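Peer 1: I have a structure I would like to understand better, so I am pasting it below and will then ask my questions one at a time.
The values are calculated or read from the model by the stated rules, or taken from the named source; none is laboratory data. Note that the structure is predicted; figures quoted are calculated from it, not measured. Every residue, glycine as well, gets a Cβ built from its backbone with ideal geometry; the counts of neighbours run over all protein chains shown. All accessible areas refer to the heavy atoms of the entire protein, side chains included, with ligands and DNA or RNA removed. Shrake-Rupley method; radii C 1.70, N 1.55, O 1.52, S 1.80 Å.
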Amino acid sequence: MPDGTQAQPAALPAMGELKTHNHLLGDRAALDAAWTRDGYWFFRDMLDRAAVGRLRAEFVAELERQGVIDPVGDAPTEASVRYNGASLAAYPFRMEPLAERQPWRAFVAEPAIDAFFTRLFGEPPFWVPVVEYRATPPAQDRSRARFDGIHQDGPYSPGIPFRICWFPLAEIDADTGGLALVEGLTDQVNRHPLAAGSNTSIPAQDLPADRWRRTTYQPGDVLLMNLWTPHSGLSNLSDRFRLSMDHRVMARSDRCPLVGELVAIDDGAVTVLAEGECVTLRIEPDTYVRNDVGRKLAGAAIAEFFRPGREVIIAFEGDKATVVRPPH
Ligand SMILES: O=C(O)CCC(=O)C(=O)O
Ligand SMILES: [Fe+2]
């Protein structure tokens, strides 16, 4: 390195534009082919903007409560929700107060939203209650790499074949960051280097530099991603909040996990009350019983972490649980 220069974060690869898949809606075979070829479906401006606006209003109200934006009153928030510079020392970076209110439930129950996904799948959707509410303020450290962490979602939830469903809630342009993905890498392989048995971020240089895609996202757009598609959030270099929600969706007739209230658990079995029915499944040593940060639990640690009454998500084969995880 020449004298006097500082280590710079690796430059962001050039970003191509996402394809749109709007024209494939209603054509099952073409949708499936695009899913395996491209690794995503991007639907531009197909969601009801008023419904998306009602969800955004919940985010905006929370940002006002946190004191990090000025009250918006009647001003439109579709394009911009500006950060007012207040301290972020106590800012809930994972929007915990919002997560507790579970606004996703009202959102997916909106008739227009439900109708879109029912049309997409040709049957009603099943929403896996794994949801992240993101209201990302401008990056404090503007010199760090723009990739938040390149990953695939598949290796973190083996056995639950959901589709990631990423909703921009206000405009997200190149400065605001948003989501970037690698197109056409859908082989079912874990691309994460392992360190001490755990997945670590995928290095950008392990991926083809000319396949990165993003777009200027608008409320009303939705991006669904294959579990094997490498992707990353990009840091926010704008002066406003980056607002998005990511959720996980399946078709009703897919192999959906059980979602319900934990009745009992130990290292040999789990009983859950789901849709009015009590179901007991075996837990074996290779059952991925995981905590909220993805660590596999065994023995007494299982009953210590999972308390009866809490919500659990369980994937299974026959009478054996393959994954037991909390929603968050
Ligand atoms: O929104 C982000 O920054 C990342 C989202 C993501 O990784 C996902 O939806 O799976
Ligand atoms: Fe992800």
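Peer 1: If I ask for residues that are at pLDDT 95 or above, surrounded by 11 or more Cβ atoms within 10 Å (Cβ to Cβ) and part of a loop (DSSP other than H, G, I, E, B), which ones from the stretch 300-328 would you list?
Peer 2: Across the stretch 300-328, the qualifying residues are Phe306, Pro308.
Peer 1: With the condition being more than 24 Å from Glu132 (Cα to Cα), I'd like the helices (runs of 4 or more DSSP H) fully within the stretch 11-103 carrying at least 1 qualifying residues.
Peer 2: Details: elements: 28-38, 49-66, 96-101.
Hits in the stretch 11-103: 28-38.
Peer 1: If you don't mind, there's one more thing I want to ask. Would you please list the contacts, defined by Cβ atoms under 6 Å and residues six or more apart or on different chains, that run from a residue in the stretch 195-221 that is at positive phi to a residue that is open to solvent by less than 50 Å² (accessible area, probe 1.4 Å) and in a helix (DSSP H, G or I)?
Peer 2: Every condition considered, the pairs that remain are Gly220/Val52.
Peer 1: State which residue pairs qualify: first residue over 11 Å from Leu98 (Cα atoms) and not assigned by TED's automatic domain parsing to the domain that holds Asp239 and inside the stretch 54-80, second residue of a type in the set (Asp, Glu) and open to solvent by less than 20 Å² (accessible area, probe 1.4 Å) in any location, beta carbons under 9 Å apart, and separation of 6 or more residues or different chains.
Peer 2: Going by the 9 Å Cβ cut-off, there are no qualifying pairs.
Peer 1: So, one more: Kindly indicate whether Asp148 is within 14 Å of ligand 2 (Cβ to nearest atom), over 28 Å from Arg255 (Cα atoms), open to solvent by 10 Å² or more (accessible area, probe 1.4 Å) and not aliphatic (A, V, I, L, M). Steps first, answer last, please.
Peer 2: Numbers: within 14 Å of ligand 2 (Cβ to nearest atom): yes; over 28 Å from Arg255 (Cα atoms): yes; open to solvent by 10 Å² or more (accessible area, probe 1.4 Å): yes; not aliphatic (A, V, I, L, M): yes.
For Asp148, the condition - within 14 Å of ligand 2 (Cβ to nearest atom), over 28 Å from Arg255 (Cα atoms), open to solvent by 10 Å² or more (accessible area, probe 1.4 Å) and not aliphatic (A, V, I, L, M) - is met.
Peer 1: If you don't mind, there's one more thing I want to ask. Within the bounds of the stretch 243-265, is there any residue that is surrounded by 19 or more Cβ atoms within 10 Å (Cβ to Cβ) and of a type in the set (Ser, Thr, Tyr)?
Peer 2: Yes, the stretch 243-265 contains a residue that is surrounded by 19 or more Cβ atoms within 10 Å (Cβ to Cβ) and of a type in the set (Ser, Thr, Tyr).
Peer 1: A further question follows. So which residues in the stretch 217-259 are within 11 Å of ligand 1 (Cβ to nearest atom) and among the hydroxyl-bearing types (Ser, Thr, Tyr), if there are any at all?
Peer 2: Hits for the stretch 217-259 are Tyr217, Thr229, Ser232, Ser235, Ser244.
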